[in-house]
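Step one of this worksheet: look at the structure below.
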Ligand code: C2E
Ligand code: CA
Ligand code: CA
Ligand code: CA
């Protein structure tokens, strides 16, 4: 009996060791990923329903790993968020998004790019000056950049978030609340914070055609957002029926596989050429 116990403790500490080794290894690989240009920003179109135009695109990071191939952000962003690595990756994302805005301009398109900010980036000192410097370096219009923040950081670090978002909006960039409805859902901050859009999380959109509760939630979020002068984007739109419901309920814009998956810049250019 005793022996068994010993073994299980040994086994436990061995797997813990493996796990921390794995994290250290991942950190090193992520550092290399920046150094050796293994990250790539994919773009997913966001369609304005009033104009039926692709007026915006969300930037979504991908990792072209030399051995493992294309790695999804859900496999490394949460890990990166546990260290300062997320700030380095975040800087890379912001710079690259500015570069893409510039490339789009060169091809004759003024399409806004929306950038995801991790909670620890929102509270990062000097984030605003970093963004501001990028805009100047790439010589792009600030109103072609948007930042997506999640509810949690708005509630937990209200004062810091408010300060950053005000500065962002003061120079013409915009701000959206990402994954709306999945987090703390304190509605009070929506009224007080400097915001432009609410993105309804895909979990509410998924069953919108069949689930009366989801219908009610989405209608209520749209009504509330409009009362607060915020635009509404629905995420995860995959079917024409979902699109119809959202159109009929005055949703402003949609994003989802129905229009396009996130794609690389070259494919995105092709897509918008066909769309127009
Ligand atoms: P998110 O910000 O909520 O991004 C939307 C996710 O939904 C993307 O997953 C997108 O590919 C997926 N999606 C879009 N339309 C549909 C649809 O119609 N159906 C379904 N089933 N899914 C759809 P992705 O690209 O794997 O990104 C996952 C998450 O990783 C993002 O969720 C975001 O939280 C994070 N992330 C991605 N890029 C970045 C980045 O540059 N910085 C940071 N901090 N986080 C990022
Ligand atoms: Ca997002
Ligand atoms: Ca989202
Ligand atoms: Ca999400």
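The values are calculated or read from the model by the stated rules, or taken from the named source; none is laboratory data. Treat the numbers as computed from the prediction; the structure is a model and nothing was measured. Virtual Cβ from ideal backbone geometry, glycine too; neighbours counted across all protein chains shown.
In table form, for the structure just shown:
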{"item": "Failed condition for residue 221, given (1) away from ligand 3 (no atom under 13 Å from the Cβ); (2) within 19 Å of residue 49 (Cα to Cα); (3) modelled with pLDDT of 95 or more; (4) in contact with a strand residue (DSSP E or B) (Cβ under 7 Å, 6 or more places away or on another chain)", "result": "(3)"}
{"item": "Residue that is farthest from ligand 3 (Cβ to nearest atom) [pool: residues in the range 154-171 that are farther than 19 Å from residue 129 by Cβ and surrounded by fewer than 21 Cβ atoms within 10 Å (Cβ to Cβ)]", "result": "158"}
{"item": "Of all residues making up the range 107-136, the number that are in contact with a strand residue (DSSP E or B) (Cβ under 8 Å, 6 or more places away or on another chain) and within 12 Å of residue 149 (Cβ to Cβ)", "result": "6"}
{"item": "Scan of the range 194-227 for residues that are away from ligand 1 (no atom under 16 Å from the Cβ) and in contact with a helix residue (DSSP H, G or I) (Cβ under 6 Å, 6 or more places away or on another chain), ordered by number", "result": "194, 217"}
{"item": "In the range 127-153, residue nearest to ligand 3 (Cβ to nearest atom) [restricted to those that are modelled with pLDDT under 95 and buried (at least 19 other Cβ atoms within 10 Å of the Cβ)]", "result": "150"}
{"item": "Set 160, 89, 140: member being farther than 30 Å from residue 187 by Cβ, without any contact (Cβ under 8 Å) to a residue 60 or more places away in the chain, away from ligand 1 (no atom under 16 Å from the Cβ) and not in a strand (DSSP E or B)", "result": "140"}
{"item": "Verdict on residue 200 being crowded, with 17+ Cβ neighbours inside 10 Å, in contact (Cβ under 8 Å) with a residue 12 or more places away in the chain, closer than 25 Å to residue 113 by Cα and away from ligand 3 (no atom under 16 Å from the Cβ)", "result": "no"}
{"item": "Tally, over the range 102-120, of residues that are part of a helix (DSSP H, G or I) and either within 16 Å of ligand 3 (Cβ to nearest atom) or surrounded by fewer than 22 Cβ atoms within 10 Å (Cβ to Cβ) (or both)", "result": "6"}
{"item": "Criterion violated by residue 266 - all others in (1) in a helix (DSSP H, G or I); (2) within 16 Å of ligand 1 (Cβ to nearest atom); (3) out of contact with any helix residue (DSSP H, G or I) (no Cβ under 7 Å at 6 or more places or on another chain) satisfied", "result": "(2)"}
{"item": "Hey, residue 269 in contact (Cβ under 8 Å) with a residue 40 or more places away in the chain, closer than 30 Å to residue 136 by Cβ and surrounded by fewer than 18 Cβ atoms within 10 Å (Cβ to Cβ) or not", "result": "yes"}
{"item": "Residues that are within 16 Å of ligand 3 (Cβ to nearest atom) and either within 27 Å of residue 145 (Cβ to Cβ) or loosely packed, with under 13 Cβ neighbours inside 10 Å (or both), drawn from the range 204-217", "result": "204, 205"}
{"item": "Residue under evaluation residue 257, criteria (1) within 16 Å of ligand 4 (Cβ to nearest atom); (2) more than 16 Å from residue 151 (Cα to Cα); (3) in contact (Cβ under 8 Å) with a residue 24 or more places away in the chain, criterion not met", "result": "(3)"}
{"item": "Residue 79 being surrounded by fewer than 19 Cβ atoms within 10 Å (Cβ to Cβ), touching a helix residue (DSSP H, G or I) at 6+ places or on another chain (Cβ under 8 Å) and closer than 30 Å to residue 271 by Cα", "result": "no"}
{"item": "Hits in the range 154-176 (condition: modelled with pLDDT of 95 or more and within 16 Å of ligand 4 (Cβ to nearest atom))", "result": "176"}
